[in-house]
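Single-structure report; data block below.
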Amino acid sequence: MPAETSIAMSPELRRDLSEPRLPLPLRISLPWPIRRVFRFNHVTLLLRIALGAEVVGTVASVWWFAVHGIGWMEIAVLAFMFMLSALGITVGYHRMFAHRSLRARPWVRFVLGIWGAMGMQGPILYWVSIHRKHHRYPDAPEDPHSPRPLGNGRFAAARGAIHGFVGWIVDGSFCLYSDYIKDLRRDAIVRFVDRYYPVWVLAGIVLPGFAGWAWY
């Protein structure tokens, strides 16, 4: 695949090298025979833990439903939680906080922020900074989550698609680009929701379980 059609370009060609990003990813190098470098920050680590919990929960639920069956209660809880997190990400994180395309009362912004955090795609400030940068450099090497081909070879398109839809959430490059969220850093509601992001993530996992436990 020609280099100009791939997002894997030389670092010297990038236009965002001077942009500050927080926190700096922690770099751990493993020696021979592994010879691999891991980069992550605390937000990425939390996202990976949450994703792992989802995978474990999915496997456990398949076994449970195979043994005990599935009823309308499970479907209702799934649909309800999906609706909350979807509204939080699409209406809250995306339209309200990232694009500022609508206004709402403080309690609505607070609730939508929490619902978005339950979607486990990162805190508001992280998500918005990444998305705004995505719009500044759409499908360019500087785009944090472009689905364009990644690298070269027959699987470049597949790697790019995975990165664009999932990989950008859990890889070690998940950072806060502070230049893009100066307005939101002055917002008390956003700061509060962001400060307790782990609480909302945990609530998104625990509350559906408690609902099922209480019902049965």
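The values are calculated or read from the model by the stated rules, or taken from the named source; none is laboratory data. Here the structure is a predicted model, which is why all the values come from computation and not from measurement. Note that we place each Cβ from the backbone using ideal geometry, even for glycine, and neighbour counts take in every protein chain shown. For accessibility, only protein heavy atoms count, side chains too; no ligands or nucleic acids. Shrake-Rupley method; radii C 1.70, N 1.55, O 1.52, S 1.80 Å.
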Exercise. On a 0 to 90 degree scale, rounded to 10, what angle separates helix 197-215 from the longest Cα axis of the chain?
Worked result: 30
Exercise. Top mean-square fluctuation among Ile34, Ile162, Ile70, Gaussian network model of the chain, C-alpha springs under 10 Å?
Worked result: Ile34
For this session: Roll a 1.4 Å probe over the protein heavy atoms and report the accessible area of Phe155 in Å², nearest 10.
Result: 130
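With only alpha-carbon pairs counted, each pair once and no self-pairs, how large is the Kirkwood hydrodynamic radius of the stretch 53-173 in angstroms? Let's see the in-between values first.
On the way: mean 1/r = 0.0605 Å⁻¹.
Across the stretch 53-173, the inverse of the average 1/r is 16.5 Å.
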Exercise. How far, in degrees from 0 to 90, does helix 72-87 lean away from the longest principal axis of the Cα atoms of the chain, to the nearest 10?
Worked result: 40
Seminar exercise, completed: By accessible area (1.4 Å), largest first, His68, His134 order as His68, His134
Problem set entry | Estimated distance in nm for a label pair at His94 and Val55, the labels positioned 7 Å out from Cα along Cα-to-Cβ | 2.6
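Got a number for carbon plus sulfur as a percent of the stretch 75-216's accessible area, 1.4 Å probe? Display every interim value, and only then the final one.
On the way: 5030 of 7480 Å².
Carbon and sulfur atoms account for 67 percent of the accessible area of the stretch 75-216.
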Seminar exercise, completed: Relative to the chain, whose Cα atoms define the longest principal axis, helix 106-118 and its Cα axis are tilted in degrees, nearest 10, by 80
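Sort Ile75, Ile28, Ile189 by heavy-atom solvent-accessible area, probe 1.4 angstrom, most to least.
Values: Ile75 100, Ile28 70, Ile189 35 Å².
Order by accessible area, largest first: Ile75, Ile28, Ile189.
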For this session: Find the relative contact order for the stretch 69-176 and round it to a whole percent, using C-alpha pairs within less than 8 Å whose residues are 6+ positions apart.
Result: 20
For this session: In nm, give the distance between the simple-model label positions of Arg48 and Ala211, each being 7 Å from the Cα along the Cα-to-Cβ direction.
Result: 3.0
Seminar exercise, completed: Largest-first semi-axes in Å of the equivalent ellipsoid built from the Cα gyration tensor of the stretch 103-216 are 30, 21, 10
For this session: Would you please give the residues with an amide H less than 5 Å from that of Leu176, counting only those at least 5 places away or on a separate chain, with H modeled from the backbone geometry?
Result: Leu22
